[in-house]
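A short write-up of the structure that comes next.
No value in this document is a laboratory result; all are computed from the given coordinates. None of the values given here were measured: they were computed from a predicted structure. Neighbour counts run over all protein chains shown; Cβ positions are idealised from the backbone, glycine included.
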Amino acid sequence: MSALLPLLPAGRPALILAPMQDVTDLPFMGVIHRRGDPDLYYTEYFRVHRDSRPERHILRSIDENPTGRPVIAQMIGVDIPSLLRTARLLQAHPIAGIDLNLGCPAPIVCSKNAGGGLLRHPAQVDDILAALRAEITSVAFTVKTRLGFDAPEEFPRLLEVFARHRLDALTVHGRTVREMYRAAVHLDRIADAAARLPYPVFANGNVLSVRLARETAVRTAARGLMIGRGAIRNPWLFRQVRETWEGAAPFAPTLRDIHAYIRDLWDSTLRADGTETGHVGKMKRYLNFIGQGVWRDGREAFLGEIRRAQGEREFFAVCDRHLLSDEPFPPEPAQPALVDERSRRAEAVERGEPQPAPVLAPG
Ligand SMILES: Cc1cc2nc3c(=O)[nH]c(=O)nc-3n(C[C@H](O)[C@H](O)[C@H](O)COP(=O)(O)O)c2cc1C
């Protein structure tokens, strides 16, 4: 039986915050906690190689976890002795499990055959899973994968490998590495995994709203929904999905609630040793997601102005101008024309590229 099962709710899909580098850290977990926890948190990935030691700032999100909910530590790497050593070290911390990243599309990661790059080598994945499964005995062992490297047709072969190992859960981001964040999510492939594997499967990709959560759950029959960017945009999403499944009307945030959320993010993520410019830059990365769907006169004017804001005063003046209102926050980011631009940005963020002052909608 999966060691995670006692942690998963009955009667509805489990809700899981996706691992996101430079986002799902200790302060962000606190911000989400204050608006409605998922059932399970994942850390951003620990980089594992011959000389690595678990990064201290990521360990803090485990050791000082303020949520009262379980957290799974994610690793990325390819060297088996180093992965085993790190798994041993991580098991000394209060984690519910250890996850292996098989999905990161960053070229620097893939070129070392780690993350999504490993999907080109199923036999190597097989060896790594066998070694880690034998090592990880005191907590759950989970894997987060994409459908393949080049094409979704690679997935059945990978499923054979996953089926050979007694994992405690498999998260499937329903795209290939090549598809990055752009393509539609192949829900049918996630459904194949959920039907085939004897342990829980978590569906991941574009769960941006209650509507899309329901659609993903129905079309995949997955045991859980892992949500990333949708939770940055709308930190009440876990609460809303839970309320909907319980038959209650979901909480409907207003733009004023979004203003308070942005203020909370600002205060929570502020670093004593940081600069104002640096902090505004960090906030703009969250705002790239939060601002989606805040429209006025047919334009995403809020995002355009935020992206040009120079310091704290200007940043909050823009927020005040657009968000001190009791209008509802749109449940979904509309305007498909912008989806490509957003996907391009998400890809650039994950590749670690600096984000230029963006130009979406002038003014
Ligand atoms: C900024 C950012 C950082 C990410 N970092 C990680 C990571 O550390 N580990 C990982 O497995 N996936 C990472 N991902 C991928 C997400 O976990 C998730 O699979 C992807 O965003 C699709 O889900 P979504 O549509 O709900 O965002 C990252 C994604 C983004 C946008």
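Between R299 and A151, the FRET efficiency from the beta-carbon distance, with R0 = 51 Å, is close to 0.85. The local environment of S52, defined by Cβ-Cβ distances under 10 Å, has a net charge of +1 under the rule Lys, Arg +1 and Asp, Glu -1. In this structure, the amide hydrogen of A14, modeled 1.01 Å from its nitrogen in the peptide plane, lies closer than 5 angstrom to those of G224, L225, counting only residues at least 5 positions away or on a different chain.
3J(HN,Hα) couplings calculated from phi for region 55-60 with the Karplus curve 6.51 cos²θ - 1.76 cosθ + 1.60 (θ = phi - 60°) are, in sequence order, 4, 5, 5, 6, 4, 4 Hz; Gly and Pro show x. Summing Cβ point charges (Lys, Arg +1; Asp, Glu -1) relative to the Cα centre of region 230-300 gives a dipole of roughly 160 debye.
Projecting the Cα positions of S61, L90, A3 onto the charge dipole of region 1-98 (unit charges on Cβ atoms of Lys, Arg, Asp and Glu, taken about the Cα centre) puts A3 furthest along the positive direction.
Diffusion coefficient (Stokes-Einstein, Kirkwood radius over C-alpha pairs, 20 °C, 1.002 mPa s) for the chain: 103 µm²/s, rounded to a whole number. Ordering 266-276, 227-237, 110-120 by mean Cβ neighbour count within 10 Å, with the highest value first, yields 227-237, 110-120, 266-276. Potential lengthening of the chain between H121 and D320 amounts to 66.5 nm, from the contour at 0.36 nm per residue minus the alpha-carbon distance. Assuming charge only on the beta carbon of Lys and Arg (+1) and of Asp and Glu (-1), the dipole of region 176-246 about its Cα centre is about 160 debye to the nearest 20. Computed from the Cβ-Cβ distance with R0 of 35 Å, the FRET efficiency linking D22 to A195 stands at 0.50.
Taking the DSSP bridge list for the chain and keeping only pairs wholly inside it, about 5 percent are antiparallel.
Based on Cα contacts under 8 Å between residues 6+ apart, the chain shows a relative contact order of 14 percent.
A simple rule links phi to the HN-Hα coupling: the Karplus curve 6.51 cos²θ - 1.76 cosθ + 1.60 with θ = phi - 60°, which for region 246-251 gives 7, x, 8, 6, x, 3 Hz, with x for Gly and Pro. With the simple spin-label model, which puts each label point 7 Å out from Cα in the Cβ direction, the A272 to R256 separation comes to 3.5 nm. When +1 charges are put on Lys and Arg Cβ atoms and -1 charges on Asp and Glu Cβ atoms, the dipole computed for region 90-200 relative to its Cα centre reaches about 160 debye. Here the label points at R263 and E160, each 7 Å from Cα along the C-beta direction, are separated by 5.8 nm in the simple model.
Each label was represented as a point 7 Å from its Cα along the Cα-to-Cβ direction; for E243 and Q310 these points are 4.1 nm apart.
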